[in-house]
């Protein structure tokens, strides 16, 4: 993917640029909001990553200006400002994601993959098919090998979120944020509890596993059995 990075911390910029480059992405980096605004308007990016506290502005100001001129590129805010109000403000400005500093490389890359998928959305109500698993979003039903599976509303939302990013790693914190709206719960086992029940329902009996746990990171739905 082609990405724009706006951050004035040289250590963060260097680390993120190397991390993304090693993962096969092309990165344009700048430390000034005015430069990011110019590049964002004139260049087609798959996703953008903005810090907030910059020498010449708040990264949200750049985001708002880009949205005002019709630039739809998904933006991740990468910031040390972690209050719930900061995240809400970013969402209201048009941010697709918000990752708190410090962060791990695995978490960052997983979120970037999801941003790239958001750039190419499919039909909202189209069924999601992964191997023999079908999620009928019009009816809110789940079937595997043609057999209906009864899920709670939260289990359904978790499964749908995983399936939208099939073949990618979805971290536990992403599930907490996107499904439960919880931003700070480092000691919580809510994700594990729901995932245990979900996997039991989806993979019960002699069926082949389709949801793969990634140790200390999160989960992934496999693209094939």
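Values quoted throughout were computed directly from the atomic coordinates according to the rules given, and no laboratory measurement underlies them. Predicted model only: the values in this text are computed from it and were never measured. Neighbour counts are summed over all protein chains in view; Cβ atoms, including those assigned to glycine, are modelled from backbone coordinates with ideal geometry.
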Handout entry: Average Cα contact separation per residue, the chain, under 8 Å, 6 or more apart, as relative contact order %
Key = 13 percent
Completion exercise
In Å³ per residue, the alpha-carbon convex hull of the chain encloses 129 Å³
Handout entry: Ranked list, fewest to most other Cβ atoms within 10 Å of each Cβ, for 23, 97
Key = 23, 97
Handout entry: Residues residue 101 and residue 145, FRET efficiency given R0 of 41 Å [Cβ-Cβ distance, rounded to 0.05]
Key = 0.40
Fill in the blank from the handout: Per residue, the convex hull enclosing the alpha carbons of the range 70-170 has a volume in Å³ of 129 Å³
Handout entry: Potential lengthening between residue 34 and residue 126 on full extension [0.36 nm per residue; Cα-Cα distance subtracted]
Key = 29.2 nm
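Roughly what percent of Cα-Cα pairs across the range 128-221 reach past 19 Å? It would help to have the intermediate numbers written out before the result.
Numbers: 1554 of 4371 pairs.
Counting every Cα pair in the range 128-221, those more than 19 Å apart make up 36 percent.
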Practice task
Could you tell me whether the range 2-118 comes out rounded, prolate or oblate from its Cα gyration tensor? Rule is a ≥ b ≥ c as square roots of the eigenvalues, rounded for a/c under 1.5, then prolate if a/b exceeds b/c, otherwise oblate.
Solution key: rounded
Practice task
Using only Cα atoms, tell me the angle between helix 190-202 and the longest principal axis of the chain; keep it within 0 to 90° and round to the nearest 10.
Solution key: 40 degrees
